[in-house]
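Following: one structure in structure tokens, then a few remarks.
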4 protein chains.
Amino acid sequence: MVQVTLINYTPNPELTIATAARSSTSPSRVTKLRNELTPKQVENLLKRLLESGHLSPFEHASFTFAIEGISRVTSHQLVRHRLASYTQQSQRYVSLKEHGYVTPPTISSRPEFTAKYQQAIEAAHKLYSDMQATGIPMEDARYVLPQAIKTQLVMTMNARELLHACSLRLCLRAQWEIVELFEMIKSEVEKVAPYLGAELKPKCYRLGYCDEKESCGIFPTKAAAKTK
Amino acid sequence: MVQVTLINYTPNPELTIATAARSSTSPSRVTKLRNELTPKQVENLLKRLLESGHLSPFEHASFTFAIEGISRVTSHQLVRHRLASYTQQSQRYVSLKEHGYVTPPTISSRPEFTAKYQQAIEAAHKLYSDMQATGIPMEDARYVLPQAIKTQLVMTMNARELLHACSLRLCLRAQWEIVELFEMIKSEVEKVAPYLGAELKPKCYRLGYCDEKESCGIFPTKAAAKTK
Amino acid sequence: MVQVTLINYTPNPELTIATAARSSTSPSRVTKLRNELTPKQVENLLKRLLESGHLSPFEHASFTFAIEGISRVTSHQLVRHRLASYTQQSQRYVSLKEHGYVTPPTISSRPEFTAKYQQAIEAAHKLYSDMQATGIPMEDARYVLPQAIKTQLVMTMNARELLHACSLRLCLRAQWEIVELFEMIKSEVEKVAPYLGAELKPKCYRLGYCDEKESCGIFPTKAAAKTK
Amino acid sequence: MVQVTLINYTPNPELTIATAARSSTSPSRVTKLRNELTPKQVENLLKRLLESGHLSPFEHASFTFAIEGISRVTSHQLVRHRLASYTQQSQRYVSLKEHGYVTPPTISSRPEFTAKYQQAIEAAHKLYSDMQATGIPMEDARYVLPQAIKTQLVMTMNARELLHACSLRLCLRAQWEIVELFEMIKSEVEKVAPYLGAELKPKCYRLGYCDEKESCGIFPTKAAAKTK
């Protein structure tokens, strides 16, 4: 199971974002603005920023997550979000003694493949261990490991990039494992920044339509929306 | 006077950096690592990362500053550091009623110019106000304002970029105002992250030589270092 | 007058973008794909990428511009686009002998201010020269120069960021000088990449509505669009 | 075998870099500077920029490569360089009919493992095909594929990031496959930009010492260099 733990974050993230936003159009000092903003004003400011696409103030709040138990399939997708910081467990320096791996639901629900899948992965892991035992470097032995193998990493992402990444990765067109990952990220953010967390949504909620070729049904495609 | 206030930051910044670094070469869970690291281990880890140039874990700690009273000369230089987030007071939406401005020491120490400098700036500011009073938009009236005019902004920068920016901007080859600014930034960081703060140094301290054409004297140039 | 000259660019920018995009979903080799794509297919691919917001392939084509004659007001705004590369003429190393400066139309159309504006700028420039003549460093003398003063820079931006920057800066809510600048940038791109150039448009054209509080009239606001 | 093909690049990359650099300290127009720079001046300028670490002008030249035949081990490492653009062949949309895979030399040189390695990979690939044949989506079937499996991608990187990436990835401490990849990248760059290509070197050449814990022998460690 994927595990996501928010291990650190900018305290008062929503107030920080609102303070920065307000400071751009106010003659007052920043520290004064921060002390005067009420929770209601903070929420209104965030709402207006999101509606008008003025997203840069969201960069002033960052969130650091420990992400454990995702496959290398998903970590490879995840690190494509370049406006974030990652420190990933190295397969060059950490030998994967326990062969934790991810099984897609489409495979675990098919009894004729479940055992074969498990055997293939265990066989690969055994060869990985055997090669290491006779002196093949772990960085090379790992070539035989399946992409299902689990990895862990520390990720820091600011609120602007979280909004962007969630707009793509909570879309049902994304792969199930990364959707699950970002659902857990959203849930961690909601605990400490409820308004922001609630705004981590697939892109269609922002656009008012689906911009993909085929819609999942939540929103009509842009073309369909027009002809209504 | 420039004023720099650290208004927010990732709590336990040094522990966060060290935890991320350690997690890349350890089979343990991230949360376990964080709980076990002693202050001495944290410092040793940071030291080793800096020596070997493995700087990416430093990205997991961010610092948010209110920067007030710098000239537009300096804010223009500052925002050239692209791996950071800025929200600057807008001259399109905030009318600069009080004409705060910066006077370089080379000018304030020259009596024959001090008054002229002041008059030129006040005349420009008066025209700025007069134009606005008769309907010229403030975004246009500001064209007449001198670059000495004060601005304020909120800046968030992670520890990796702080190391980089300080390596350039604490160099005596940088302009005096931005040197002052980064000295105050360093001083704010030192209050909450003493080891990291102490490591915010001009590039020559890291290199062991000066890589500019002429050295300020602290370290010899690379060429001079070789021939010793 | 602002002058924008496209001094360099990735040859065949549209084919390059389309080739990259196609390669992500094709088993064929990249070089084969490139040789087989017809101009019509290239255009269709670009169209589909834009419609679905799959913009990363647009990063494979870059454009390098010489930008001359913009004010420091505008260069300060311009360099806030962080996903681009800038090399700006330094006021620390280049003495501004000729006092080129920008006059906003709202000022040049008001005879009662035109002369005053010109005099204020010329007085500032004269003080700038006088201070330098008696040994004040040009990096300090420039504090008295108005923000209207002209600067020049070399900018490289990839097509994805051009789409983004134009979506904001061709919006009539942006300041007139930066709108003019991006209109010239668009015009330069159109000469060598007509389809891409035509797609450099304000954000409302992409969204189908205006996401600002008040619309300029081209598209209704989101709220107004709904109630129709 | 890895294959690297330079499919596109900014024409006259070295002249472009030198022109931008020169423009920052010259009162002349950019286009004039470009026409006047001699090849010798270009080389001298690039040399001085590299020596003093003034690297931003190198961003004005970009290189686009087709990279084919690398393992997913290496593509996962590669895309960690965030200041570049990637379009990678999708395992969600492209079924890997031919089971191309990479075999590390440490394995191919050990007869007792070569066959086992090959069998493990072929077994995994067969299961991948079988699962797909009965309706399991290819995006899920691929979890069983080994990390050795080949992938292809289009990468655009500017000269500044190439200098940085090569400083890390041509270091013998990097993994052999990514070292090979960057040797081929360097070789492609050398064909069209000989001076720049020659400067793509491991970091020790720039520093004058090895900053890792143990040196490969080319340069002494920093500590050893001091005690000499």
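The values are calculated or read from the model by the stated rules, or taken from the named source; none is laboratory data. Because the structure is a prediction, the values reported are computed rather than measured. Positions of Cβ are generated from backbone atoms using ideal geometry, with glycine treated the same way; all protein chains shown enter the neighbour counts.
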Condition broken by C:Ser167, with the remaining ones in (1) under 18 Å from the mean Cα position of the chain (by Cα); (2) crowded, with 23+ Cβ neighbours inside 10 Å satisfied: (2)
Got at least one residue in region D:48-63 being under 30 Å from C:Pro27 (Cβ atoms) and in contact with a helix residue (DSSP H, G or I) (Cβ under 7 Å, 6 or more places away or on another chain)? yes
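Kindly indicate the residue of region D:24-55 that is closer than 18 Å to D:Tyr195 by Cβ and among the polar types (S, T, N, Q) and also surrounded by the fewest Cβ atoms within 10 Å (Cβ to Cβ) among those meeting that condition.
D:Thr38
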Whether any residue in region B:156-172 is in contact with a strand residue (DSSP E or B) (Cβ under 9 Å, 6 or more places away or on another chain), over 30 Å from B:Tyr209 (Cβ atoms) and of a type in the set (A, V, I, L, M, F, W, C) is what I want to check. no
Going by what's in this entry, would C:Ala61 be described as under 30 Å from A:Glu214 (Cα atoms), more than 21 Å from the chain's Cα centre (by Cα), of a type in the set (Gly, Ala, Ser) and at pLDDT 95 or above? no
A:Ala159: passes all of (1) outside the structural domain of A:Ala193 (by TED's automatic domain parsing); (2) in contact (Cβ under 8 Å) with a residue 60 or more places away in the chain but (1)
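Results for (1) within 18 Å of the chain's Cα centre (by Cα); (2) touching a residue at least 40 places away in the same chain (Cβ under 8 Å), shown as yes or no for each residue.
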{"position": "D:Phe182", "(1), (2)": "yes, no"}
{"position": "D:Glu190", "(1), (2)": "yes, no"}
{"position": "D:Ala193", "(1), (2)": "yes, yes"}
{"position": "D:Ala223", "(1), (2)": "no, no"}
{"position": "D:Lys226", "(1), (2)": "no, no"}
Consider D:Leu127 carefully, then state whether it is touching a residue at least 40 places away in the same chain (Cβ under 8 Å) and not charged (D, E, K, R). no
Only one of these is surrounded by fewer than 17 Cβ atoms within 10 Å (Cβ to Cβ) and not hydroxyl-bearing (Ser, Thr, Tyr): D:Leu127, D:Leu83, D:Leu162. Name it. D:Leu83
Being closer than 18 Å to A:Pro104 by Cα and either within 11 Å of chain D (Cβ to nearest Cβ) or modelled with pLDDT under 95 (or both), is that true of even one residue in region A:134-145? yes
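Quick grid of which residues meet (1) farther than 26 Å from D:Leu49 by Cβ; (2) touching a Gly at 6+ places or on another chain (Cβ under 9 Å):
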| site | (1), (2) |
| --- | --- |
| B:Ala133 | yes, no |
| B:Ala174 | no, no |
| B:Glu177 | no, no |
| B:Phe182 | no, no |
| B:Tyr195 | yes, no |
| B:Asp211 | no, yes |
| B:Gly217 | no, no |
| B:Ala224 | no, no |
Hits in region D:146-170 (condition: away from chain A (no Cβ under 12 Å) and either closer than 18 Å to D:Pro104 by Cβ or hydroxyl-bearing (Ser, Thr, Tyr) (or both)): D:Thr156, D:Ser167, D:Arg169
Could we say that D:Arg206 is touching a Cys at 6+ places or on another chain (Cβ under 8 Å) and at pLDDT below 95 here? no
In region C:64-100, how many residues are of a type in the set (Phe, Trp, Tyr), over 30 Å from C:Val30 (Cβ atoms) and under 19 Å from the mean Cα position of the chain (by Cα)? 1
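Considering region C:181-216 alone, what residues qualify as being within 18 Å of C:Val79 (Cα to Cα) and either buried (at least 19 other Cβ atoms within 10 Å of the Cβ) or in contact with a strand residue (DSSP E or B) (Cβ under 7 Å, 6 or more places away or on another chain) (or both)?
Hits for region C:181-216 are C:Leu181, C:Phe182, C:Met184, C:Ile185, C:Lys186.
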Enumerate the helices (runs of 4 or more DSSP H) found wholly within region D:26-123, keeping only those where 2 or more residues are β-branched (Val, Ile, Thr). D:30-36, D:72-78, D:105-108
Let me spell it out: the conditions are (1) more than 7 Å from every other protein chain (Cβ to nearest Cβ); (2) touching an Asp or Glu at 6+ places or on another chain (Cβ under 8 Å), and D:Thr103 meets all of them except one. Which number is the exception? (2)
Output yes when any residue across region C:84-94 is touching a Phe, Trp or Tyr at 6+ places or on another chain (Cβ under 7 Å) and among the β-branched types (Val, Ile, Thr), and no when none is. no
Take C:Leu6 and tell me if it is at pLDDT 95 or above and either out of contact with any Asp or Glu (no Cβ under 9 Å at 6 or more places or on another chain) or in a helix (DSSP H, G or I) (or both). no
Out of C:Lys116, C:Lys150, C:Lys97, C:Lys126, I need the residue that is closer than 22 Å to B:Ser75 by Cβ and of a type in the set (D, E, K, R). Which one? C:Lys150
Scanning region A:43-78 for residues that are in contact (Cβ under 8 Å) with a residue 60 or more places away in the chain and acidic (Asp, Glu), which turns out nearest to the other protein chains (Cβ to nearest Cβ)? A:Glu59
Please determine, by comparing only the residues of region A:16-42 that are of a type in the set (Lys, Arg) and either in contact with a His (Cβ under 6 Å, 6 or more places away or on another chain) or within 11 Å of chain B (Cβ to nearest Cβ) (or both), which one is nearest to A:Leu200 (Cα to Cα). A:Arg22
